[in-house]
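The values are calculated or read from the model by the stated rules, or taken from the named source; none is laboratory data. Everything quoted here is computed from the prediction, not taken from an experiment. Neighbour counts are summed over all protein chains in view; Cβ atoms, including those assigned to glycine, are modelled from backbone coordinates with ideal geometry. These accessible areas exclude ligands, DNA and RNA; they are computed on the full protein's heavy atoms, side chains included. Shrake-Rupley method; radii C 1.70, N 1.55, O 1.52, S 1.80 Å.
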Amino acid sequence: MTPWKVMIVDDHPLMRRGIGQLLSFDAEFDVISEASNGNEAIALAHKMPADLILLDLNMKGISGLDTLITLRNEGIDACIVILTVSDNHADIKMLLDAGADGYLLKDTEPDELVALLKTALTGTKAYSSAVIEFLNNTSTENTVFSSLTERENQILQEVAKGHSNKVIADSLFISEATVKVHMKSLLRKLQVKSRTAATVLYLQTLGY
């Protein structure tokens, strides 16, 4: 079979090299490009389309989350798996809600990592054990957030990060007026009167 084309996005050269060498041992993978930041990744995704994009979360410049959102907004349909040190519940929820096909921790055993990446490429979400535990705990919760649309969830996540309407509009490539319309709708659905109250409610569901 034709090897899966892989892009590795991480701002640490040693991490990129290590992951690249690991995948080079498996004939099913072909690392075709590397990027040290989100902007490079977005440009390369168009020039050298990959089947799998391994994306770090915390990078210099734009974050892994913003990179993921931009890639999806620009029509990149590659399998995008987050590979990070962060097992923060807020990070997990935001990345998965933004369209990640998997969320793996960097302390995952090499053989397990390779197996999970193959799982993601066959259409099944790939998660580290700590992520699965979090998802199992939250999946049983009856939350008011289930009534929010995907766009409303994206905006709420940005609000929880302390971003203004203008910053949110720029990051989601929509107008400030559209952000305000979605904000009004999500506040009504959550039955709160302010963005601060919505943020508190959101963080409470993540265990804060």
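Things worth noting here:
- Scanning the range 35-54 for residues that are part of a helix (DSSP H, G or I) and of a type outside the set (Val, Ile, Thr) turns up 38, 39, 40, 41, 43, 44, 45, 46, 47.
- First in the range 37-53 and under 14 Å from residue 11 (Cα atoms), second anywhere and in a helix (DSSP H, G or I) and open to solvent by 20 Å² or more (accessible area, probe 1.4 Å), Cβ under 7 Å, 6 or more apart: 38/66
- Residue 70 meets each of the listed conditions (1) within 29 Å of residue 168 (Cβ to Cβ); (2) among the β-branched types (Val, Ile, Thr); (3) surrounded by fewer than 18 Cβ atoms within 10 Å (Cβ to Cβ) apart from (3).
- Subset of the range 158-183 [of a type in the set (S, T, N, Q) and more than 15 Å from residue 70 (Cβ to Cβ)]: 164, 165, 175, 178
- Residue 57 meets the conditions (1) assigned to a helix (DSSP H, G or I); (2) modelled with pLDDT under 95; (3) crowded, with 20+ Cβ neighbours inside 10 Å in every case but one. The failed one is (1).
- Check on residue 185, open to solvent by 30 Å² or more (accessible area, probe 1.4 Å), in a helix (DSSP H, G or I) and at negative phi: no
- Search result, residues across the range 80-94 that are outside any loop (DSSP other than H, G, I, E, B) and either among the aromatic types (Phe, Trp, Tyr) or more than 17 Å from residue 7 (Cβ to Cβ) (or both): 89, 90, 91, 92, 93, 94
- In the range 4-54, the residues that are hydroxyl-bearing (Ser, Thr, Tyr) and open to solvent by 20 Å² or more (accessible area, probe 1.4 Å): 24, 36
- Residue count, the range 1-25 (criterion: in a helix (DSSP H, G or I) and of a type in the set (Lys, Arg)): 2
- Scope the range 46-90; condition of a type in the set (Lys, Arg) and more than 17 Å from residue 102 (Cβ to Cβ); matching residues: 47, 60
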